[in-house]
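Heads up: the structure comes next, in structure tokens.
Derivation of every value follows stated rules applied to the coordinates shown; laboratory data play no part. Because the structure is a prediction, the values reported are computed rather than measured. Cβ placement follows ideal geometry from the backbone for every residue including glycine, while neighbour counts extend to all protein chains displayed.
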């Protein structure tokens, strides 16, 4: 089958070229998948704009209003790290809906991939680390509220801890948060996920892959979730400027294959988001983000 993909052209918009956040990577990722024949009109889904009632499942209404109205204080805006614009506000309201649509498609088809998402540093009432709204928390809360699922596993392999996701979902036993991250990295102040796996600086392929595989396999067997939300951050790559791990490109590709195969073999639907990844070579970065979607295409073809 052609795996369902979720994307919106507004994910990339005119943005300062020298900014650390690579806003154009979403467009380049879509272009790469289209050129490879993986993305096409028959399997591409375009999400709409998320409305306030949905976003308020995981976020403070006052914070939402102040962000959308460009009324954040200077300290709040600095913590966020992104310059406000109408384009930023627009994509911010579309991306969480994109992850929710991806999850709904995964429940139907067994697999679906979002060409964005993974904004796991966003907290209930503030943004942080290039993350404004937490698409993972919004999606988990929405599916649980609709009783589409009874148990969600958020498996976060971004190199940075999913602090916002952990904090927002701390009181929700039906959403299990697991973060596999570099311990000595952003954020300095970690939150408590249901399971945190802090990795040492410089960890390489063999040990990293063993930890990811053993952790996910154990959670799937213990929790038997109805859905896995997989944050496939590629900032674990050894040359990522914000990473601090030593995972090679083949190691990264093998991680994606193993994570998705574990879910497929246990018949657990999995929705993927791309998470973090930073590189001045934007095309190379898009190639790394494509690995999880290419693995899904291969495993479910």
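Short-range pairs are left out: with C-alpha atoms under 8 Å and at least six residues apart, the relative contact order of the chain is 21 percent. For the stretch 1-155, just say rounded, prolate or oblate: build the C-alpha gyration tensor, square-root its eigenvalues into a ≥ b ≥ c, call rounded for a/c under 1.5, and beyond that prolate if a/b exceeds b/c, oblate if not. Oblate, since a/c reaches 1.5 and b/c is not below a/b.
Helical content alone sets the calculated 222 nm signal of the chain at -13000 deg cm²/dmol, taking -39,500 (n - 2.57) per DSSP H segment of four or more residues and averaging over every residue. Rounded to 0.05, the FRET efficiency of the residue 2 and residue 89 pair, given R0 = 25 Å and the Cβ-Cβ distance, is 0.20.
For the stretch 143-259, pairs of C-alpha atoms spaced more than 26 angstrom apart make up 18 percent of the total. When the Gaussian network model of the chain links Cα atoms closer than 10 Å, the mean-square fluctuations of 188, 139, 102 top out at 188. DSSP beta bridges confined to the chain are antiparallel in about 5 percent of cases. Can you match Cα Rg over 2.2 N^0.38 Å to one of these, [x] 0.94; [y] 1.02; [z] 0.90, based on a calculation from the structure here? Here the calculated entry is [z].
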